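In what follows, a structure is listed as structure tokens, so that the remarks can point back to it.
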Amino acid sequence: MPDTPATAVRAIIVSDGKRGHENQSRVIARMLGVEEPLLMYLRPQYKDGGWTELLLRLRLRLSGPRSISRRAAGELVRTMLKPETPEAFRELAEEIAASAGAGIDLPIAGQKARQDAPLQAPLLLFSISTGTPPATLNLVLARLLGARSIVSMTPSLLPLSLFSAAILPDHDLSPGFSMQPNTLVTPLALSMHDSAAAQLQASALASEYGLEREQRYIGIAIGGPSKNSQWNDSHVRRWLEDVRSAALASGSQLLVTNSRRTPAETSRWLAELAREKAFAAFIDAASDPRNPLPAFYELCWQMHVSADSISMLSEAVQAGHRPVVHWTSREGPKGKLRRFIDNLSSGGDVFANARSLPTDSLRRRERVNANYSKLRGQLLELLKLD
């Protein structure tokens, strides 16, 4: 009797094309051991919702995914989603059909296993999404493929019980939220620090800018105005001057980068300062498309981050830093961004709104990916994959 083929794991990400959402879904796929998930994009008319998606979402809320036949689910997938590469989609459909067994008709891309085809390795299929419109099509895709669905962030109107697993940031939870057996709560946005890739990037950056590994670098990551963080240019400049003065006093140098959201006036001021001795490098997002932060996390003994981005702060903590978080206005952040920072500050993961700059004793690089590893273990246990 031939050996039973080993189980293979495949992941399909339903994406609205927003980089932050897609990156979080990729982290979940990585937790499942899938390095190259298949990407299915919401077609342009559906990526932000719309009446068709909303009515479909309400139907799923009221009647659940099984109210939609697999044939109807296949038509919805063809109409509302577009694979990143049709070839990869067809290959997956063929693999699913072959794994299901001879004669099994899969209403997707017209695939049907041959009667004489040998049974392929059994598949564990997962559909993954972040954000609300992708969550709707996540459930439809899972219905079509017989996949287990995983959602990140709380989708509007859709009960979490419809998903196999839900990963929720605690700052996103409403008062009185009741944990369900399929929910996991995390203090950070989903991210994972790839130390090997970051080291390669750090080496390239060091070569380009003449950086020395033994030098004590201080990293600064500046965002811009956001929904929950007002921007006052004078306030931002004051704390930047404080960090610059501290770097000069300690014999350190600054590695600075901004974002596409950074006001042009602030970026011009930084470009002028970058000529000074305290600046080892200023990488301007307006002219350089690279994201140098993974390299900064490897090169710097201390990180300073503006308080306007949950993802940027989460990445710094996952990289093992206890970043110093600076308000971008006198009032500071509000809403869920403020709750997020307060939670991290209470847990000792960030140094929030510092009046005096901390010393290098606060650096904690030994905790790289501590939150990721904990959450991965919880997810695998929940899905009974450990």
Would you mind listing the strands (runs of 3 or more DSSP E) fully within the stretch 144-191 where at least 3 residues are open to solvent by less than 10 Å² (accessible area, probe 1.4 Å), at pLDDT 95 or above and more than 19 Å from residue 339 (Cβ to Cβ)?
148-152
So, in the stretch 279-311, how many residues would count as being in contact with a strand residue (DSSP E or B) (Cβ under 9 Å, 6 or more places away or on another chain), more than 27 Å from residue 214 (Cβ to Cβ) and either of a type in the set (A, V, I, L, M) or free of Cβ contacts under 8 Å to residues at least 40 places away in the same chain (or both)?
3
Scanning the stretch 218-236 for residues that are over 27 Å from the mean Cα position of the chain (by Cα) and open to solvent by less than 60 Å² (accessible area, probe 1.4 Å) gives 233, 235
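Which is more than 21 Å from the chain's Cα centre (by Cα) and in contact (Cβ under 8 Å) with a residue 24 or more places away in the chain, of 56, 62, 32?
Numbers: 62 fails: in contact (Cβ under 8 Å) with a residue 24 or more places away in the chain; 32 fails: more than 21 Å from the chain's Cα centre (by Cα).
Matching residue, one of 56, 62, 32: 56.
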Would it be correct to say that residue 85 is touching a strand residue (DSSP E or B) at 6+ places or on another chain (Cβ under 9 Å) and of a type in the set (S, T, N, Q)?
yes
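For the stretch 36-100, which helices (runs of 4 or more DSSP H) that fit wholly inside it have 1 or more residues that are open to solvent by less than 20 Å² (accessible area, probe 1.4 Å), among the aromatic types (Phe, Trp, Tyr) and modelled with pLDDT of 95 or more?
Values: elements: 51-63, 70-80, 86-100.
Counting at least 1 such residues, we get no helices (runs of 4 or more DSSP H) at all.
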Out of 117, 206, sole residue that is more than 23 Å from residue 62 (Cα to Cα), modelled with pLDDT under 95 and either under 19 Å from the mean Cα position of the chain (by Cα) or open to solvent by less than 60 Å² (accessible area, probe 1.4 Å) (or both):
117
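The values are calculated or read from the model by the stated rules, or taken from the named source; none is laboratory data. Just so it is clear, the structure is predicted and the values come from calculations on it, not from any experiment. Here Cβ is always computed from backbone atoms with ideal geometry, including for glycine, and neighbour counts include all displayed protein chains. For the accessible areas, the whole protein counts, side chains as well, though only heavy atoms, and no ligand, DNA or RNA atoms are used. Shrake-Rupley method; radii C 1.70, N 1.55, O 1.52, S 1.80 Å.
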